[in-house]
Amino acid sequence: MYSALIVAAGQGMRSGLPYNKNLHPLKGKPMILYSVEAFQGDPDCLELIVVTSKHDIEAFKDILPPAIKIAEGGATRQESVRLGLELVTSDYVMIHDGARPNLKRFAIEDIKGALPGSDAVTLAVKVKDTLRICRKNQIEDDIDRDHAYLLQTPQAFRTEAIKQAHQLAATAKHQYSDDTSVYRNELDKPAYIVQGYDENLKATTLTDMKILEELI
């Protein structure tokens, strides 16, 4: 039914690690393998593609199953996704951050259930904290948290649509922070949310990794 594209090209400088954080061991296993195994356990996942930086390709080849395609990433996450999409052959694609290793099967199933009704679906969780817009350490404006969500991955799309959106963004040199933004802004089409879960943490800092090691 779909392809899985796992993005693992960033160096994760905020983690303080001297190497790609996706290679960092959690409970003795490289972080990237948790996401890989989550998709491998789904018979509807027809192919799996991992995008990483040029100098990490050999390290990833050493730990990934041979059936997985490895794509060379770009200078930004957005460019890495666009390059990885070139290898996708299924009608749908789920784009996932390798740094979110606590991916659960129910989340994949929920996304699959929403795809027939939309060409763009993402996991999201409602914001619990108070949000404010601040500039120069000064609070300037409020944000209504009743309508505020934190987007997670996987984010799933009809493949041809997200390929087109990324190509348009590359041509126009537009930069976005996630793939639903690429899709919405470049194609002027809606993206929909599926309920995510708080434990779907992204490993940004070493503290995040310590928390994840207790969760997985």
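Here are a few things to note about the model shown:
This table checks each residue for (1) crowded, with 18+ Cβ neighbours inside 10 Å; (2) under 16 Å from R105 (Cα atoms); (3) out of contact with any His (no Cβ under 7 Å at 6 or more places or on another chain).
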site: N20; (1), (2), (3): yes, no, yes
site: P25; (1), (2), (3): no, no, yes
site: G28; (1), (2), (3): no, no, yes
site: S35; (1), (2), (3): yes, yes, no
site: A38; (1), (2), (3): yes, yes, yes
site: C45; (1), (2), (3): yes, yes, yes
site: V51; (1), (2), (3): yes, no, yes
site: K54; (1), (2), (3): no, no, yes
site: E58; (1), (2), (3): no, no, yes
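- V182 vs. criteria outside any strand (DSSP E or B), touching a helix residue (DSSP H, G or I) at 6+ places or on another chain (Cβ under 7 Å), of a type in the set (A, V, I, L, M) and within 30 Å of P30 (Cβ to Cβ): yes
- Filtered by the rule that a residue be more than 21 Å from G10 (Cβ to Cβ), part of a helix (DSSP H, G or I) and touching a residue at least 12 places away in the same chain (Cβ under 8 Å), segment 186-214 gives E186, L187.
- Residue check, D141 outside any strand (DSSP E or B) and surrounded by fewer than 10 Cβ atoms within 10 Å (Cβ to Cβ): no
- For T159, the conditions (1) in contact (Cβ under 8 Å) with a residue 12 or more places away in the chain; (2) within 24 Å of G16 (Cβ to Cβ); (3) among the polar types (S, T, N, Q) are fulfilled apart from (2).
- Any hit, segment 59-68, residues being charged (D, E, K, R), assigned to a helix (DSSP H, G or I) and over 22 Å from L201 (Cβ atoms): yes
None of the figures in this text is laboratory data; all of them are computed from the coordinates on show. The shown structure was predicted, so the numbers you read here are calculated from the model rather than taken from an experiment. Quick reminder, even Gly has a Cβ in these numbers, built from the backbone with ideal geometry, and neighbours come from all protein chains shown.
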